[in-house]
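We did not get these values from a lab; they are worked out from the coordinates using the rules stated. Computed from a prediction, not measured in an experiment: that's the story for all the values here. Cβ coordinates were reconstructed from backbone atoms using ideal geometry, including for glycine residues, and neighbour counts include every protein chain displayed.
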Amino acid sequence: MSFYRITQNKKYDFVTLHNWGCTFHCPFCSYKLRGGKSGFAYPKPERFLSVEEQKEVLQKAGPGKVYFMGGEPTVAKELHTMVEFSKKELGAFTKLGHTNGSNLDIPFLDAANIGFKAWSEDLHLQLTGRPKSLIFDNFSRAFDNGMELSASMIYIPGLIGLDEMEGVLKFVASLDKNIPFHIMGYIPVPGLDYKRPTVEEMEVAKKLCSSYLTKVGVSHLTSEQALDLTARDDRFNVKIIAGV
């Protein structure tokens with residue numbers, strides 16, 4: 001797949017290239033809130049932007065930061081090209097705004113935010129279709145190489161519980177207790193019976209995370225709130241500057 005949309009936030013001086021598609025098949029993917037029905041949860045775009053179009057738009061925008069998101073941005077065939085262009089031609093800070101961590105070996109990439117899914121090998125394979133070792137080994141390697149990292153995890157009581165979260169927390173803390181970690185309360189996806197955590201359960205989860213790491217954030221959104229993030233954070237107040 002490749003990038004189909006570019007957005008800009010002038011206030012925070014960043015542009016974001018959006019990719020369609022993913023290497024995981026997580027049943028609780030929040031992109032399903034937007035109604036995708038086949039392949040990937042989000043509806044497939046009518047067209048993708050060419051590399052030439054992407055470069056032209058970025059050159060004109062001249063951002064200080066360039067983010068790459070999905071779906072899963074690392075499945076975009078031109079990712080390496082666009083990261084290198086953003087760094088070498090624009091002098092921009094480059095970051096995977098969110099990624100499942102299946103590919104972090106990307107030259108000229110400054111930072112990445114990795115979404116961990118589970119700690120147990122069997123559960124990770126069940127949820128994603130990919131082995132746990134791939135993600136955790138990539139995270140460790142990127143850390144050793146000096147990449148700026150942050151991490152997140154979805155909390156789903158009865159499926160991805162505190163025991164799963166604690167395993168991931170111990171792993172991240174073993175590298176650096178100052179790596180930022182964000183806990184996301186499960187956002188109900190239509191047609192699924194997974195339990196959304198209560199406020200009290202989220203408080204317990206935050207306390208657990210804070211016992212291992214120093215920089216812990218929490219989000220506990222409803223489905224409606226997740227579909228309108230601009231109402232809660234002006235970093236999501238972006239303008240489409242290419243694509244649809």
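Summary table below
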| read-out | value |
| --- | --- |
| Computed [θ] at 222 nm, helices only, for the chain once each DSSP H run of length n ≥ 4 contributes -39500 (n - 2.57) | -8500 deg cm²/dmol |
| Members of LYS65/LYS215; LYS88/LYS132; LYS65/LYS207; LYS132/LYS177; LYS77/LYS170; LYS95/LYS117 lying beyond 29 Å, as alpha-carbon distances in this model show | LYS88/LYS132; LYS65/LYS207; LYS77/LYS170 |
| Segment 177-244: C-alpha gyration tensor shape, a/c 1.5 cut-off, then a/b vs b/c | oblate |
| Simple spin-label estimate for GLU52 and ASP13 in nanometres, 7 Å along Cα-Cβ | 3.2 nm |
| Antiparallel bridge percentage (DSSP; both residues within segment 3-243; nearest 5) | 30 percent |
| Exposure proxy order (Cβ contacts within 10 Å, fewest to most) of VAL168, VAL218, VAL189 | VAL218, VAL189, VAL168 |
| Protection proxy ranking, peptides 196-202, 112-118, average beta carbon neighbours within 10 Å, highest first | 112-118, 196-202 |
| Trypsin sites (Lys or Arg not before Pro) restricted to DSSP loop in segment 178-244 with at most 14 other C-beta within 10 Å | LYS195, LYS215, ARG232 |
| Distance in nm between pseudo-label sites at GLN59 and ARG141 (7 Å out along the Cβ direction from Cα) | 3.4 nm |
| Gyration tensor (Cα) of the chain, equivalent ellipsoid semi-axes in angstrom | 28, 21, 17 |
